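Notes for the one structure printed next.
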Amino acid sequence: MTRSARTGRPAPALAFLVALALGACTPSQDPTAPTFPFAKGWRGASAGAPVLLANDRWWLRLQDPALNRLVDLALRENLTLVAARHRVERAEAERAAVPGQLSRSGQVEAGFGGADTGPGQRRADAVLGLEWLFDPHGGQRAGRRAAEARLLGAEADRDAARLLVLSSLAEAYLDLRLRQQLLVQRRQELASRRQTLAMVRTMADAEAATRIDMARTSARVAEIEAQLPGAQAAITARINEIAVLAGQQPGQLPLDLRPVVAVPRPGLRPDVGIPADLLRNRPDIRGAEQAYYAALAEVDMARAALYPRLSLSGTISLSALPVATRRAEYFIGPALQLPVSGAATGQATLRARQAAVHEAHAAWTARVLQAVLEVENALIDYRAVSQSLGPAGRAAQLYREARGLTRTVFESGDATLSEMIEAETALAQSETALAELRHRQAQAFVVLNLRLGAGHGAEPGPAGQMPK
């Protein structure tokens, strides 16, 4: 067996460049988290000591079993969430693909050959290569930090998609229950108007009512009858939309939403936590923070690209022939790679990356400020709607009593048809206003929790099992 060896030694000039490259700049520093001057509590929250937000499954407080089942189904099978989970998997793979300081390569070949005048020969070759890249300027570390920030940003986007699905599903479900309740009220109003029409006909037979009275009462009945088909169609459309949000085809939901159920009402006041909770609960804020970290890492990458890259590489080559003839060669030595772009181009790239950091920080601050505004306004809206429910309920009850009294007086002939119509209209309007106000309270409860970021980490139950 024969062996040949080759080693490389850097020339004095090369050694000088290596020393220059190693000492040209200091390593990159770990990024500092951005800060925001949060208040100690929410201005619109009830008085009391602030607490940490712990309301991840806030929809349970609406005490609606059908909504609970739908949320669980959507968290598991909604296609928007499925796509978001795959984006996280892609980001994880991209992070794993970021090269480290040590890289390896290998190649193996085998063959058979010969000439017409002699027997054939088999030959085998193998090459193994290793390279160790020194990282005095933190370029590779910055690349790994950027990949990590992109992964965490993808996770924040997944959580934001989860909140969007919860928002869309809750909005569609609450609207469905409101439309069903209003349809019931329209049918009750239709029955009342038909009763009034029958009374007017009786009075007309006795010549106690005019043709104008008959026309007015008949028109009011026809008016309600014309509204019913459109109201029913809107209900069916909402059920179809809910099915798609839950990842199902229209008509294939595992539960029947056609039976009328009252608009769900929050059983407890929402937990609002403290403003600083937004940093960990709002996915959009976490995503903006990771974009800021990625921008910082890209600054370090651009700065490291201004300087030469030093690596230590080596290869080992093995060859084998059948006649006990083997050959081995190896090489080990340093290599210095100079920047490809000029100094002016590199400095311009660095300035652009630094500007991107300031831009990302401003975007993060703006996102936090907007989140604080959204929560404060949501608290105001929820409190106002909740305070209006009591008076609205009393008004509907009083209008109901007034309608009953007016009907009694109308039957005895001591009230006019106009007074009867006015009493029926006032009752219908008050009941509609009450139903819409209850819907607004439930919707305000949902919006407040979503503005707080509650539910961003919610997960479905085991496959095939949904809460009752």
Cβ pairs under 6 Å, 6+ apart, first in the range 169-186 and surrounded by fewer than 20 Cβ atoms within 10 Å (Cβ to Cβ), second not in a helix (DSSP H, G or I): Val184/Val260
If we scan the range 423-432, do we find a residue that is part of a helix (DSSP H, G or I), touching a helix residue (DSSP H, G or I) at 6+ places or on another chain (Cβ under 8 Å), of a type in the set (Ser, Thr, Tyr) and farther than 26 Å from Ala291 by Cα? yes
Do we have Glu436 as acidic (Asp, Glu), crowded, with 18+ Cβ neighbours inside 10 Å and at pLDDT 90 or above here? no
Which members of the range 128-152 meet the condition of being at pLDDT below 65 and of a type in the set (Asp, Glu)? Glu131, Asp135
Test: Ala363 is closer than 24 Å to Ser167 by Cβ, surrounded by fewer than 17 Cβ atoms within 10 Å (Cβ to Cβ), out of contact with any Gly (no Cβ under 7 Å at 6 or more places or on another chain) and modelled with pLDDT of 80 or more: yes
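Matching residues to (1) out of contact with any Phe, Trp or Tyr (no Cβ under 8 Å at 6 or more places or on another chain); (2) over 30 Å from Thr416 (Cβ atoms); (3) loosely packed, with under 15 Cβ neighbours inside 10 Å; (4) among the basic types (Lys, Arg):
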position	(1), (2), (3), (4)
Leu190	yes, no, no, no
Val200	yes, no, no, no
Ile212	yes, no, yes, no
Ile224	yes, no, no, no
Glu241	yes, yes, no, no
Gly247	yes, yes, no, no
Pro250	yes, yes, yes, no
Val263	yes, yes, no, no
Taking the options Gln354, Gln387, Gln370, Gln347, name whichever one is touching a residue at least 12 places away in the same chain (Cβ under 8 Å), part of a helix (DSSP H, G or I) and loosely packed, with under 15 Cβ neighbours inside 10 Å. Gln347
Tell me, yes or no, whether the range 40-57 has at least one residue that is of a type outside the set (A, V, I, L, M, F, W, C), part of a helix (DSSP H, G or I), at pLDDT 85 or above and surrounded by 12 or more Cβ atoms within 10 Å (Cβ to Cβ). no
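Per-residue answers, yes or no, for (1) at pLDDT 70 or above; (2) of a type in the set (D, E, K, R); (3) over 30 Å from Arg383 (Cβ atoms); (4) part of a loop (DSSP other than H, G, I, E, B):
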site	(1), (2), (3), (4)
Asn240	yes, no, yes, no
Gly267	yes, no, no, yes
Gln290	yes, no, yes, no
Ala295	yes, no, yes, no
Met301	yes, no, yes, no
Val323	no, no, yes, yes
Ala335	no, no, yes, no
Val340	no, no, yes, yes
Which number in (1) over 52 Å from the mean Cα position of the chain (by Cα); (2) under 19 Å from Arg407 (Cα atoms) marks the one condition that Ser218 misses? (1)
For the range 251-275, pairs from a residue that is within 30 Å of Arg367 (Cβ to Cβ) to a residue that is surrounded by 12 or more Cβ atoms within 10 Å (Cβ to Cβ) and among the small types (Gly, Ala, Ser), with Cβ under 7 Å and 6 or more apart or across chains, are Pro266/Ala442; Val272/Ala45; Ile274/Gly41; Pro275/Ala39
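The values are calculated or read from the model by the stated rules, or taken from the named source; none is laboratory data. As the structure is a prediction and not an experimental result, all values here were calculated from the model. Because the Cβ atoms are built from the backbone with ideal geometry, glycine has one as well, and the counts that use them run over all protein chains shown.
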